[in-house]
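Engineer: The structure under discussion is supplied below as structure tokens; questions concerning it will follow.
The values are calculated or read from the model by the stated rules, or taken from the named source; none is laboratory data. Since the structure is predicted, the reported quantities are computational estimates derived from the model, not experimental observations. As a convention, Cβ positions derive from the backbone with ideal geometry for all residues, glycine included, and neighbour counts pool all protein chains shown.
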Ligand code: AR6
């Protein structure tokens, strides 16, 4: 069955999906941008889960992802994915951003998540060029194979107008 792809403009902390994805950093202990917004809106249970994960496995590597409760958010889970910092394409940024999306989707399947919402990972503070990041995000989810047919809908949540326009233009084609 095909996965439905949706693009919306808005604040991901308000999205009623089974899981929302956080653009986290390797510390998993919060930050600014969407990470700050998720921890603020979701409350202390999210940070507590992150701390437990830190105690068990240490930091989260770039391109990897971990899952916690959604705390007070409408979403049941938060998947914390760590995207790469843009360094002019010299540090495997494309592969690492692809992995951040793929590992998030794999965690979704493992947790029976049917609807998952992504922010535009790495395109804020981490300065990944927005158009390239959108192409990577869309190609990665389009080529992702969910043989168990668990994921029903993937929502791209764009916060800024520029990303929203870019996503709509790519998906129109
Ligand atoms: N809902 C949806 N998208 C948002 C929201 C929101 N509430 N707030 C911002 N965005 P960024 P990064 C968009 O900087 O580039 C943090 O400090 C924003 O417009 O949040 O991956 C972490 O702890 C942009 O398009 O994440 C890391 O240290 C996108 O989310 C670092 O920033 C990602 O921007 C990660 O940097």
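Engineer: Of the residues that make up segment 16-24, is at least one over 12 Å from the mean Cα position of the chain (by Cα) and either near the ligand (Cβ under 9 Å from one of its atoms) or modelled with pLDDT under 95 (or both)?
Structural biologist: No, segment 16-24 has no match at all.
Engineer: Hey, another quick one. Here is a list: 155, 125. Which entry is within 13 Å of the ligand (Cβ to nearest atom) and outside any loop (DSSP other than H, G, I, E, B)?
Structural biologist: None of the others qualify; the one that does is 155.
Engineer: Same structure again: Look at residue 100 and say whether it is within 14 Å of the chain's Cα centre (by Cα), outside any helix (DSSP H, G or I) and surrounded by 14 or more Cβ atoms within 10 Å (Cβ to Cβ).
Structural biologist: Judged against the criteria, residue 100 is not a match.
Engineer: Please enumerate the residues belonging to segment 68-95 that are surrounded by fewer than 20 Cβ atoms within 10 Å (Cβ to Cβ), in contact with a strand residue (DSSP E or B) (Cβ under 9 Å, 6 or more places away or on another chain) and not in a loop (DSSP other than H, G, I, E, B).
Structural biologist: 69
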